[in-house]
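Okay, so here's the structure we're looking at.
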Amino acid sequence: MKSLRFLSIVIMSTLLCGCGQVANKKVAADKANYLAAEDENFHLDFPEYGFSLDAPCIMEDVSAQASGDFLLNYGGVTDGNSREKMAAYQLIVTRVPIGYKDLSKEQYAEAVDKALSLQAQRFKSYKPIRFSYDEFPGYACETSHNGYGQKGVMFAMENYIIALTVISNNDLDSKFNKFTNGFKRIKSNQ
């Protein structure tokens, strides 16, 4: 289940160190993926994975700064110069293990739930959820690390496990809700 290790606390340091310098800039590193919205959000399209995401900051590929078996690992920081206002955002996508493809629909659902619940148990608190209006099965998790609150959600969508995380001590619930509400399922290019 190594491929499902995506809500690693190690990522927090990656986000704080690697993305802080670009948090307040309005220029995207990958201009093909970013479109600035009028309300200061940034829109990321991932049609190959079947979703888009509105984020409150530029999110860059931070996969080179972390270890893990993931397809996408994007992070960004707002107010990186202020410990009180700082918020770190992360999106991670992994593939459901290939061995699951031969399972029945019920066995597949059980295997994915078991894998997700094992990862969720690493957090201080967690609960099963149905994410978005599409009701993807998943878990909402909360913990703290280095004096910061961390809130995340991980869920299964088609053959992918997707994790969205926010780390902050400044209005964490509101920032988490806005970030996760920015997730939208779109028609996949695959």
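The values are calculated or read from the model by the stated rules, or taken from the named source; none is laboratory data. Remember, it's a predicted structure, so these values are computed and weren't measured experimentally. Note: ideal-geometry Cβ built from the backbone for every residue, glycine included; neighbour counts use all protein chains shown. When the accessible area is computed, the model is the full protein with side chains, heavy atoms only, and any ligands, DNA or RNA have been set aside. Shrake-Rupley method; radii C 1.70, N 1.55, O 1.52, S 1.80 Å.
Among the numbered criteria (1) crowded, with 17+ Cβ neighbours inside 10 Å; (2) in contact with a Cys (Cβ under 9 Å, 6 or more places away or on another chain), which single criterion is violated by residue 127?
(1)
So which pairs qualify, if the first residue must be in the range 112-136 and touching a residue at least 60 places away in the same chain (Cβ under 8 Å), the second must be open to solvent by 60 Å² or more (accessible area, probe 1.4 Å) and among the aliphatic types (A, V, I, L, M), the Cβ gap must be under 7 Å, and the two must be at least 6 apart or on different chains?
115/1; 118/1
Restricting to the range 68-82, and then to whatever is surrounded by fewer than 21 Cβ atoms within 10 Å (Cβ to Cβ) and without any contact (Cβ under 8 Å) to a residue 40 or more places away in the chain, can you tell me which residue is farthest from residue 52 (Cα to Cα)?
82
Report yes if residue 92 is β-branched (Val, Ile, Thr) and surrounded by fewer than 17 Cβ atoms within 10 Å (Cβ to Cβ), otherwise no.
no
Show me the strands (runs of 3 or more DSSP E) entirely contained within the range 145-186 in which 2 or more residues are among the aromatic types (Phe, Trp, Tyr).
Fully inside the range 145-186 and qualifying: 148-157.
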